[in-house]
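**Q** Could you have a look at this structure, given as structure tokens, before my questions?
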């Protein structure tokens, strides 16, 4: 996992939760941060989809387990799919 | 085992979970079918329901194998949502929940109520497997199941349509077994 993608995802999550990006560890399970409830999760995924430029499929949604699993869905810096 | 306990009033930290019969559940929820956002989240379809149609569609609570509980904030009298449980097959139970009162959204109602009811189910029945099906884009519901420890075990692709929007949905299947719940509970309790 490259740092650039993790930084992007941490920024999105921090923006929704109102915390600092450095407080969003890559291995944090979805919902593990205090402000990360079901409504915040909705906002995070919608913001992520806007960044990604497409909707996640239901299978991708179900596979979101950690912050890193979100970052995995972003294209790599080279522009190829992760 | 004491399945009759499932038809009793149950208390969680902030809520009374009041058992309803089929008629009571129908009377409570029929007005909520006019709330398109709620009914879409609860059933996967925002279609307008007739009285007869909703009576036939709603879970047929019989307090033996199918149960509906109104979720009532402690000290209040107006339900904010409902929880459904339906026993079927081999020691299996299908779960459903809907919170209609928006002032309670994002306040942990689903987590609290469901955790309390799951404890109650496992304590008072021989159910070994909990099961739920969720519209794939219902992000809060997916979140809530996974946070409680349910595993995504399959997807029924393009298996449900909403006649109002014309959208076709994938349905995500979640399940959790008794031993997994007990293991997580033991971990939580240290």
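**Q** Name the single residue, out of those in the stretch B:42-61 being assigned to a loop (DSSP other than H, G, I, E, B), in contact (Cβ under 8 Å) with a residue 40 or more places away in the chain and in contact with a strand residue (DSSP E or B) (Cβ under 9 Å, 6 or more places away or on another chain), that is surrounded by the most Cβ atoms within 10 Å (Cβ to Cβ).
**A** B:61
**Q** Can you list residue pairs whose Cβ atoms sit under 6 Å apart, with the first residue in the stretch B:170-185 being more than 12 Å from residue B:151 (Cβ to Cβ) and the second being assigned to a strand (DSSP E or B)? Count only pairs 6 or more apart in sequence or on different chains.
**A** From residues that are more than 12 Å from residue B:151 (Cβ to Cβ), the pairs are B:170/B:155; B:170/B:157; B:171/B:133; B:171/B:156; B:171/B:159; B:171/B:160.
**Q** Another one. For the stretch B:1-33, which positions are at pLDDT below 95, part of a helix (DSSP H, G or I) and surrounded by fewer than 16 Cβ atoms within 10 Å (Cβ to Cβ)?
**A** B:4, B:5 - these are the residues of the stretch B:1-33 that are at pLDDT below 95, part of a helix (DSSP H, G or I) and surrounded by fewer than 16 Cβ atoms within 10 Å (Cβ to Cβ).
**Q** Now, a different point. Condition check: free of Cβ contacts under 8 Å to residues at least 24 places away in the same chain, facing chain B (nearest Cβ under 10 Å) and more than 16 Å from residue B:144 (Cβ to Cβ). Does residue A:37 satisfy that? First the steps, then the outcome.
**A** Values: free of Cβ contacts under 8 Å to residues at least 24 places away in the same chain: yes; facing chain B (nearest Cβ under 10 Å): yes; more than 16 Å from residue B:144 (Cβ to Cβ): no.
Criteria not met by residue A:37.
**Q** While we're here: Would you point out which residue out of B:94, B:116 is farther than 30 Å from residue B:167 by Cα and in contact with a strand residue (DSSP E or B) (Cβ under 8 Å, 6 or more places away or on another chain)? It would help to see each step written out before you state the result.
**A** Details: B:94 fails: farther than 30 Å from residue B:167 by Cα.
Of the residues listed, the single one that is farther than 30 Å from residue B:167 by Cα and in contact with a strand residue (DSSP E or B) (Cβ under 8 Å, 6 or more places away or on another chain) is B:116.
**Q** Please verify whether residue A:46 is within 14 Å of chain B (Cβ to nearest Cβ), without any contact (Cβ under 8 Å) to a residue 60 or more places away in the chain and within 16 Å of residue B:136 (Cα to Cα), treating the condition exactly as stated. Please lay out each step first, then the result.
**A** Details: within 14 Å of chain B (Cβ to nearest Cβ): yes; without any contact (Cβ under 8 Å) to a residue 60 or more places away in the chain: yes; within 16 Å of residue B:136 (Cα to Cα): yes.
So residue A:46 passes the test.
**Q** Considering only the stretch A:53-70, state which residues are more than 11 Å from every other protein chain (Cβ to nearest Cβ) and farther than 11 Å from residue A:28 by Cβ.
**A** At the first step, the residues of the stretch A:53-70 found to be more than 11 Å from every other protein chain (Cβ to nearest Cβ) are A:53-54, A:66-70.
Those that are more than 11 Å from every other protein chain (Cβ to nearest Cβ) and farther than 11 Å from residue A:28 by Cβ: A:53, A:54.
**Q** Out of (1) surrounded by fewer than 20 Cβ atoms within 10 Å (Cβ to Cβ); (2) touching a helix residue (DSSP H, G or I) at 6+ places or on another chain (Cβ under 6 Å), what's the single condition that is false for residue B:127?
**A** Unmet condition: (1).
**Q** Would you call residue A:73 facing another protein chain (nearest Cβ under 9 Å) and within 24 Å of residue B:149 (Cα to Cα)? Talk me through it step by step, then tell me what you get.
**A** Values: facing another protein chain (nearest Cβ under 9 Å): no; within 24 Å of residue B:149 (Cα to Cα): yes.
For residue A:73, the condition - facing another protein chain (nearest Cβ under 9 Å) and within 24 Å of residue B:149 (Cα to Cα) - is not met.
**Q** For the stretch B:13-28, which residues satisfy the criterion of being touching a residue at least 60 places away in the same chain (Cβ under 8 Å) and in contact with a strand residue (DSSP E or B) (Cβ under 9 Å, 6 or more places away or on another chain)? Write out each step before concluding.
**A** To start, the set of residues in the stretch B:13-28 that are touching a residue at least 60 places away in the same chain (Cβ under 8 Å) comprises B:13-15, B:17-18, B:20.
Scanning the stretch B:13-28 gives B:14, B:15, B:17, B:18, B:20.
**Q** So which of B:98, B:106 ends up being within 14 Å of another protein chain (Cβ to nearest Cβ), touching a helix residue (DSSP H, G or I) at 6+ places or on another chain (Cβ under 6 Å) and modelled with pLDDT of 95 or more? Break it down into steps so the answer makes sense when it comes.
**A** Numbers: B:106 fails: modelled with pLDDT of 95 or more.
Among B:98, B:106, only B:98 is within 14 Å of another protein chain (Cβ to nearest Cβ), touching a helix residue (DSSP H, G or I) at 6+ places or on another chain (Cβ under 6 Å) and modelled with pLDDT of 95 or more.
**Q** Looking at this structure, is residue B:153 in contact with a strand residue (DSSP E or B) (Cβ under 8 Å, 6 or more places away or on another chain) and surrounded by 18 or more Cβ atoms within 10 Å (Cβ to Cβ)? It would help to see each step written out before you state the result.
**A** Numbers: in contact with a strand residue (DSSP E or B) (Cβ under 8 Å, 6 or more places away or on another chain): yes; surrounded by 18 or more Cβ atoms within 10 Å (Cβ to Cβ): no.
No; evaluated as a whole, the condition is false for this residue.
**Q** Could you tell me whether any residue of the stretch A:8-29 is crowded, with 17+ Cβ neighbours inside 10 Å, within 12 Å of chain B (Cβ to nearest Cβ) and closer than 13 Å to residue A:71 by Cα?
**A** No, because not a single residue in the stretch A:8-29 is crowded, with 17+ Cβ neighbours inside 10 Å, within 12 Å of chain B (Cβ to nearest Cβ) and closer than 13 Å to residue A:71 by Cα.
**Q** Still on this structure: Scan the stretch B:164-173 and tell me whether some residue there is within 12 Å of another protein chain (Cβ to nearest Cβ), assigned to a helix (DSSP H, G or I) and in contact with a helix residue (DSSP H, G or I) (Cβ under 6 Å, 6 or more places away or on another chain).
**A** Residues of the stretch B:164-173 that are within 12 Å of another protein chain (Cβ to nearest Cβ), as a first pass: B:167-173.
Pick out the ones that are also assigned to a helix (DSSP H, G or I) and you get none.
So far as the stretch B:164-173 goes, no, none of its residues is within 12 Å of another protein chain (Cβ to nearest Cβ), assigned to a helix (DSSP H, G or I) and in contact with a helix residue (DSSP H, G or I) (Cβ under 6 Å, 6 or more places away or on another chain).
**Q** Scan the stretch B:131-160 for residues that are assigned to a strand (DSSP E or B), without any contact (Cβ under 8 Å) to a residue 60 or more places away in the chain and over 13 Å from the mean Cα position of the chain (by Cα) and jot them down.
**A** B:151, B:152, B:153, B:154, B:155, B:156, B:157, B:158, B:159
The values are calculated or read from the model by the stated rules, or taken from the named source; none is laboratory data. Quantities reported herein were computed from a predicted structural model and do not represent experimental measurements. Reconstructed Cβ throughout: ideal geometry from the backbone, glycine too, with neighbour counts over all protein chains shown.
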